[in-house]
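Enquirer: Questions regarding the structure given below will be posed in turn.
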Amino acid sequence: MEVTVAATLWGLFSAFLIFPLLGLPRFLHRAAGTLLAAELVAFGIWHFGSEGCAARPCAPFAETGRTAASLDIPLLSLALLAFAMILGLRIWRLHR
């Protein structure tokens, strides 16, 4: 799970820095930043909400944070990166 979170954070931060340099539309830059912040919040909710879960059942919001950080946001990030690559290739073909 931590590997998925780390890879998602790395990929989204890279996209956040690279998208403006590649001349991609501003909404993609904002989407990468929003997903980056959402991943950090979801991971924080899971990490701090699941503290001491061995002694008692985990709170529902901790499980929601875990699901969001390990599945939902990484899949949305892959979709964003795929869309950005397709859009970038189309722009590159038009200007070639």
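The values are calculated or read from the model by the stated rules, or taken from the named source; none is laboratory data. Just so we're clear, the structure is a prediction, and the values are computed from it rather than from any experiment. In this analysis, Cβ positions are derived from the backbone assuming ideal geometry, glycine residues included, and neighbour counts consider all displayed protein chains. When the accessible area is computed, the model is the full protein with side chains, heavy atoms only, and any ligands, DNA or RNA have been set aside. Shrake-Rupley method; radii C 1.70, N 1.55, O 1.52, S 1.80 Å.
Enquirer: Charges only on Cβ, +1 for Lys and Arg, -1 for Asp and Glu: so what's the dipole of the chain about the Cα centre, in debye to the nearest 20?
Expert: 560
Enquirer: Go through region 4-96 and name the GluC sites (Glu not before Pro) that are in a DSSP coil and have 14 or fewer other Cβ atoms within 10 Å of their Cβ.
Expert: When the GluC sites (Glu not before Pro) of region 4-96 are filtered for loop state and at most 14 Cβ neighbours within 10 Å, E51 remain.
Enquirer: Find the eigenvalues of the gyration tensor of the Cα atoms of region 38-87, then list the square roots of 5 times those eigenvalues as equivalent ellipsoid semi-axes, largest first, in whole angstrom.
Expert: Details: eigenvalues 172, 13, 7 Å².
Value: 29, 8, 6 Å, ordered largest first.
Enquirer: A follow-up question, please. For helix 73-95, what angle does its Cα long axis make with the longest principal axis of the chain, in degrees from 0 to 90 and rounded to 10?
Expert: The two axes meet at around 0 degrees.
Enquirer: Rounded to a whole number, what % of the accessible area of the chain do carbon and sulfur atoms account for, probe 1.4 Å?
Expert: Reported share for carbon and sulfur atoms: 72 percent.
Enquirer: Divide the volume of the convex hull of the Cα atoms of the chain by its number of residues and quote the answer in cubic angstrom per residue.
Expert: Working: hull volume 7.4 nm³, N = 96.
Measuring per residue, one finds 77 Å³ for the Cα hull of the chain.
Enquirer: How high is the relative contact order of the chain, in percent, with contacts defined as C-alpha pairs under 8 Å that are six or more residues apart?
Expert: In percent, rounded to a whole number, it is 31.
Enquirer: In percent, how large is the relative contact order of region 1-43, given Cα pairs closer than 8 Å and 6 or more residues apart?
Expert: It comes to 46 percent, rounded to a whole number.
Enquirer: Helix 26-49 against the longest principal axis of the chain: what's the angle in degrees, Cα atoms only, rounded to the nearest 10?
Expert: Helix 26-49 sits roughly 10 degrees off the main axis of the chain.
Enquirer: Nearest 500 deg cm²/dmol is fine: what mean residue ellipticity at 222 nm does the chain get from its DSSP H runs of n ≥ 4 alone, each adding -39,500 (n - 2.57), divided by its residue count?
Expert: Working: 4 runs with 72 residues, N = 96.
Roughly -25500 deg cm²/dmol at 222 nm, from the helical runs in the chain.
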